[in-house]
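The values are calculated or read from the model by the stated rules, or taken from the named source; none is laboratory data. Treat the numbers as computed from the prediction; the structure is a model and nothing was measured. Only protein heavy atoms, including side chains, enter the accessible area calculation; ligands, DNA and RNA are left aside. Shrake-Rupley method; radii C 1.70, N 1.55, O 1.52, S 1.80 Å.
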Amino acid sequence: MNTTYFKNCVAGNVFQAKTTPALPTEYYIGLSSTPPAADGTGVTEPSTGAGYARVKLESLSEPVDGVTSNTDRISFNESTAAWGTIPYFVVYDSAAVGEGNLLMFEALDVQRSIEQGTILSFKPGTLVLSVCDM
């Protein structure tokens, strides 16, 4: 799902109705233990003190019918402490946890319980993104 902020940013820039803020040039995937909301609230990311960091989205496929996916594996840092149960991924325009604008989010197909020493990864083709809500 896309946040209201991101939909307005895309529409404003595409149709030249409002080009500030500009579309982000970098995107970062993160995780949330709580359900995000379309207004950009509700995200609870794991602690950076437990080894968590957002991951820059790179190696995305050329869009087909408005949908792109990861062409390479996306892996988070190894957890140095438990992160708890993670049911959501989030996409931000900033690498810094607690900063930036929430752009999109979605429930994971399977919730993940992240214990100490876990590396959460998305296999190629499993992270599917679209600027159209599906």
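Given the options ALA11, ALA53, ALA81, which has the most mean-square fluctuation in a GNM of the chain, springs set between C-alpha atoms less than 10 angstrom apart? Between ALA11, ALA53, ALA81, it is ALA11 that shows the largest mean-square fluctuation.
For the chain, modelled as a GNM whose springs connect Cα atoms under 10 angstrom apart, the maximal fluctuation among ASP109, ASP39, ASP72 occurs at ASP109. Over segment 7-134, accessible surface divided per residue gives 55 Å², non-protein components excluded, 1.4 Å probe. Note on the chain: GNM, Cα springs under 10 Å; of GLY117, GLY30, GLY51, the largest mean-square fluctuation is that of GLY117.
Cα centroids of segment 84-130 and segment 1-57: 11 Å apart. Axis angle, to the nearest 10 degrees, between helix 4-14 and the longest C-alpha principal axis of the chain: 40 degrees. What would the Debye equation give as log₁₀ I(q)/I(0) for segment 3-134 at q = 0.09, 0.16, 0.18, 0.20 Å⁻¹, counting only Cα atoms as equal point scatterers? Listed by q, the Debye log ratios stand at -0.26, -0.81, -1.02, -1.25. Relative contact order for the chain: 30 percent, from Cα pairs under 8 Å spaced at least 6 residues apart, divided by residue count.
For segment 1-122, carbon and sulfur atoms together expose 50% of the accessible surface, with a 1.4 angstrom probe and every protein chain in place. For segment 60-106, the convex hull spanned by the alpha carbon atoms encloses 116 Å³ per residue.
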